[in-house]
Every structure is written in structure tokens, then in C-alpha cells.
1. Please list, ordered by residue number, the helices (runs of 4 or more DSSP H) wholly in segment 189-275 having 3 or more residues that are closer than 23 Å to residue 147 by Cβ and out of contact with any strand residue (DSSP E or B) (no Cβ under 8 Å at 6 or more places or on another chain).
2. Condition test on residue 88, is it in contact with a helix residue (DSSP H, G or I) (Cβ under 8 Å, 6 or more places away or on another chain), on the phi > 0 side of the Ramachandran plot and at pLDDT 95 or above?
3. Tell me, yes or no, whether segment 101-108 has at least one residue that is surrounded by fewer than 18 Cβ atoms within 10 Å (Cβ to Cβ), out of contact with any helix residue (DSSP H, G or I) (no Cβ under 7 Å at 6 or more places or on another chain), touching a residue at least 40 places away in the same chain (Cβ under 8 Å) and farther than 11 Å from residue 6 by Cβ.
4. So which residues in segment 154-179 are crowded, with 22+ Cβ neighbours inside 10 Å and either more than 22 Å from the chain's Cα centre (by Cα) or part of a strand (DSSP E or B) (or both), if there are any at all?
5. Report yes if some residue within segment 260-279 is surrounded by fewer than 16 Cβ atoms within 10 Å (Cβ to Cβ), over 29 Å from residue 139 (Cα atoms) and either within 16 Å of the chain's Cα centre (by Cα) or at pLDDT 95 or above (or both); otherwise report no.
6. Give the residues of segment 126-145 that are crowded, with 20+ Cβ neighbours inside 10 Å and farther than 13 Å from residue 213 by Cβ, sorted by residue number.
7. In segment 226-233, is there at least one residue being surrounded by fewer than 17 Cβ atoms within 10 Å (Cβ to Cβ) and in contact (Cβ under 8 Å) with a residue 24 or more places away in the chain?
């Protein structure tokens, strides 16, 4: 029996990757892609009636306020999207027995670990963005819609939207030299890989119903600094811009970022039999697409 799946935030990187995968593959499920203009996810009545009307049984929430630095001065907007709207989706999911799959972030951690973060590690966000994303997670956990899950990811990029890869490609063509931070370490995540994994999870019927919200980590495999990431973008693209490593102190930003945010993905790989690509292989695929 085909599922009826609501995807929110369809104008973002992940939402667009999901949309394209669904359009180019033979999925028997019915997908409804919405954005802020077509569905106000902050409105309980609008989300509830949409879900009833379309017989929704899974919500994939890709909607997010992701302007990390801007959020420091615009906490109200970040909170509205990353926390209150998520709380609303969780309430509707609980009332109508809908599975909620929500995408969160590595910025819920403070970055002081020296080994990859597991789902059970202590959270301590260092920015307004990270705090509002954690508040959204906590709202889902408190409301506890059946079989729902939270996926924390990191350093997302895609051929869609604005992201680090596209910024580096532009700056690499404009400048001869560029300083990029080397003392923040994590893992880039190609939104297309995450989208494929989400579709795989949606298609996986659980053998037992989960009584509590499950948290999973997902990024590509491996690790690098932003400096390594930039170097790889230029090397693969044959851009001759010279990259110099700089410290976080040399490039101050309004929001504090975790110095270390590598995610341990053992849980999601084992539970859903996922094979996750190496970050550099996925970067090559994305850059090939951008050509």
C-alpha cells in the first residue's frame, strides 16, 4: 500500500534533492512537496487539514532557518522555524498517527569531543541556531509521535542553493589567494546522499513500532577541515587559487561553531543497512553535476 508523504522545505537543498530523486525514480508512494508559500507549517489548523485531506502518513521536515550567523540577531525567526514550527508538526503527527522524520544538525554539540559524537553524547549548543535546532528536537521528544526520528547531519552542500562548495567555486575564480579555516573539523554531507538515505528509511517498514523518538547521525564518511574541503574543491575543479590555512580567531563570525563535529554513524548504518559514500567521492559527483 503506497504511503502518502509530506515533504516540507522543498525549496532548500535537501528538499530539492528529494524532489529530483522522486521525479526521476519510480516511487509508488505519493509525495507532496511544500514550501513556506504553499503550506504554513507554523499553523496547526493548516497542517492538520493538509494531512487529513491528503491522508499523510509520513512527514519529512526539511524546513529550517539555516543562516547561522544571522540567527544571532534574529532569534525570533530562527526559533519560529527551527523550534515552534517543528513542535507544531510533532503535535499534528501525534494526533493523526503520522511518522515524523526531522532533520537536525551537528551544531547541537559544543565541539569539545576528541572522538566522533554518538547520538547519546551530551548536547551543548554554542549558537542561537544550534539552540533553536535543539529546542526543536526536544519538542519532538516531549510530544513523542509514534515511530518518529531525528537525523542530525553536518556541513550540507548540493548543486542547489547557496553553500560552501558554490561559494568556494565563485571565490576561487575571483581571487588568486584565499584563507580558509583549518581548526574546525567535521564531515561534508552531500544533500543528495542524505536524500537517498531518507527515502530508504521511509521505504523501510519497521519490524517493531518504536515507543520513543529515535535520534540518528548522518554525514558522508571520513573527516576534513574547511581548509581541506576548499583545497579538494579547487583540486577537483582545476582552479588555481592558492588556499592558506587560517585559525578561527583570524576569521571571527557572530556565531560560534564547533571545533570538532565528526558524527559516529554506526547506529543508522546498522539499523537501516546503509552504505554511506566517502565525502570526497560525493564532492566529485556534485562538482561534475555543477559543470
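1. Values: elements: 191-203, 226-237, 266-272.
Correct list: 191-203, 266-272.
2. Details: in contact with a helix residue (DSSP H, G or I) (Cβ under 8 Å, 6 or more places away or on another chain): yes; on the phi > 0 side of the Ramachandran plot: no; at pLDDT 95 or above: yes.
In short, no.
3. Checked segment 101-108: no residue is surrounded by fewer than 18 Cβ atoms within 10 Å (Cβ to Cβ), out of contact with any helix residue (DSSP H, G or I) (no Cβ under 7 Å at 6 or more places or on another chain), touching a residue at least 40 places away in the same chain (Cβ under 8 Å) and farther than 11 Å from residue 6 by Cβ.
4. The answer is 156, 157.
5. Looking through segment 260-279, at least one residue is surrounded by fewer than 16 Cβ atoms within 10 Å (Cβ to Cβ), over 29 Å from residue 139 (Cα atoms) and either within 16 Å of the chain's Cα centre (by Cα) or at pLDDT 95 or above (or both).
6. 127, 128, 129, 130, 131, 132, 133, 134 - these are the residues of segment 126-145 that are crowded, with 20+ Cβ neighbours inside 10 Å and farther than 13 Å from residue 213 by Cβ.
7. Going through segment 226-233, the residues surrounded by fewer than 17 Cβ atoms within 10 Å (Cβ to Cβ) turn out to be none.
No.
Table: residues versus (1) under 16 Å from residue 85 (Cβ atoms); (2) exposed (fewer than 15 other Cβ atoms within 10 Å of the Cβ); (3) out of contact with any helix residue (DSSP H, G or I) (no Cβ under 8 Å at 6 or more places or on another chain); (4) modelled with pLDDT of 95 or more.
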| residue | (1), (2), (3), (4) |
| --- | --- |
| 2 | no, yes, yes, no |
| 12 | yes, no, yes, yes |
| 28 | no, yes, yes, no |
| 39 | yes, no, no, yes |
| 50 | yes, no, yes, yes |
| 54 | no, yes, yes, yes |
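The values are calculated or read from the model by the stated rules, or taken from the named source; none is laboratory data. Everything quoted here is computed from the prediction, not taken from an experiment. As a convention, Cβ positions derive from the backbone with ideal geometry for all residues, glycine included, and neighbour counts pool all protein chains shown.
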